[in-house]
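Beneath this line is the structure, given in structure tokens, with notes to follow.
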Amino acid sequence: GQNIDQPTEMTATEGAIVQINCTYQTSGFNGLFWYQQHAGEAPTFLSYNVLDGLEEKGRFSSFLSRSKGYSYLLLKELQMKDSASYLCAVFTGTASKLTFGTGTRLQVTL
Amino acid sequence: GAGVSQSPSNKVTEKGKDVELRCDPISGHTALYWYRQSLGQGLEFLIYFQGNSAPDKSGLPSDRFSAERTGGSVSTLTIQRTQQEDSAVYLCASSPSSTQYFGPGTRLTVL
């Protein structure tokens, strides 16, 4: 079966750094995505990791370790607008299957 | 450019009625996906279309659910004899290769 785990909720302070972890056990792996979803809106693409290591894109970075079945999303210089759900998703054995975790709801406070 | 669009944005129906949900993908995207997102749950894969290939229907929860994609573009998801457990947000996504781009979703409420 497919299993993707993320913390349900996190709280962080404006201007701080937060790391959202994702662990996965899936049959097959073709890449890992992070999406941001504001309440009532569609998920928007943040990052895509296929190889091990850190991918940096502005204030957001994503890390992948395939041997550990582990990824994290790092958000720096947090802003109030970063309050949203962050979805970890894995491309599994067949390219069509994108399996999502339940998402981590991040609240940024003053 | 235009993103993925879905209609209607909200649909309220009575138990037992049929509903049709529409998705207009980004022009030129060959792949189209349907997902369902229930309250407090992750996105659940429903069905996948890729070009002219036979669709991957492995995520459809029952035979009351069906989808088609006409001319490799617009897709319609049909739910027959709706049940209260079908209430959810139905999201469509299209993709040119790996990254999927989502529409705003249709919120379906079955009374």
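Quick notes
- Scanning the range B:78-98 for residues that are open to solvent by 20 Å² or more (accessible area, probe 1.4 Å) and either assigned to a strand (DSSP E or B) or closer than 22 Å to A:N49 by Cα (or both) yields a count of 5.
- Selection status of B:D63, within 12 Å of chain A (Cβ to nearest Cβ) and either acidic (D, E) or surrounded by fewer than 16 Cβ atoms within 10 Å (Cβ to Cβ) (or both): no
- Meets criteria (among the aromatic types (F, W, Y) and not in a loop (DSSP other than H, G, I, E, B)) for A:F29: no
- Residue in the range A:89-99 that is more than 8 Å from chain B (Cβ to nearest Cβ) and of a type in the set (D, E, K, R) present: no
- If only residues of the range B:7-24 that are open to solvent by less than 20 Å² (accessible area, probe 1.4 Å) and under 12 Å from the mean Cα position of the chain (by Cα) are counted, the one that is nearest to B:Q100 (Cα to Cα) is B:C23.
- Residue within the range A:68-87 that is of a type outside the set (S, T, N, Q), within 19 Å of B:G42 (Cβ to Cβ), part of a strand (DSSP E or B) and facing chain B (nearest Cβ under 10 Å) present: yes
- Of the candidates A:Y48, A:Y35, the single residue that is within 14 Å of chain B (Cβ to nearest Cβ), under 13 Å from the mean Cα position of the chain (by Cα) and at pLDDT 95 or above is A:Y35.
- Residue in the range B:26-59 that is nearest to A:E9 (Cα to Cα), counting only those that are touching a residue at least 60 places away in the same chain (Cβ under 8 Å) and open to solvent by 20 Å² or more (accessible area, probe 1.4 Å): B:Q37
- Hits in the range A:48-104 - residues which are surrounded by 19 or more Cβ atoms within 10 Å (Cβ to Cβ), in contact with a Ser or Thr (Cβ under 7 Å, 6 or more places away or on another chain) and either basic (K, R) or at positive phi (or both): A:G103
- B:E68 passes every criterion in (1) buried (at least 20 other Cβ atoms within 10 Å of the Cβ); (2) in a strand (DSSP E or B) apart from (1).
- When the range B:99-111 is filtered for residues that are open to solvent by 10 Å² or more (accessible area, probe 1.4 Å), part of a loop (DSSP other than H, G, I, E, B) and not hydroxyl-bearing (S, T, Y), the ones remaining, listed by number, are B:P104, B:L111.
- Some residue of the range B:25-33 being more than 24 Å from A:Q2 (Cβ to Cβ), at pLDDT 95 or above and either touching an Asp or Glu at 6+ places or on another chain (Cβ under 6 Å) or away from chain A (no Cβ under 14 Å) (or both): no
- Cβ pairs under 7 Å, 6+ apart, first in the range B:84-101 and within 14 Å of chain A (Cβ to nearest Cβ) and polar (S, T, N, Q), second surrounded by fewer than 20 Cβ atoms within 10 Å (Cβ to Cβ) and not in a strand (DSSP E or B): B:S94/B:I26; B:S94/B:H29; B:S95/B:H29
The values are calculated or read from the model by the stated rules, or taken from the named source; none is laboratory data. All values reported here derive from a predicted model rather than from experimental measurement. Note that we place each Cβ from the backbone using ideal geometry, even for glycine, and neighbour counts take in every protein chain shown. Calculation scope for accessible area: heavy atoms of the full protein, side chains included, ligands and nucleic acids excluded. Shrake-Rupley method; radii C 1.70, N 1.55, O 1.52, S 1.80 Å.
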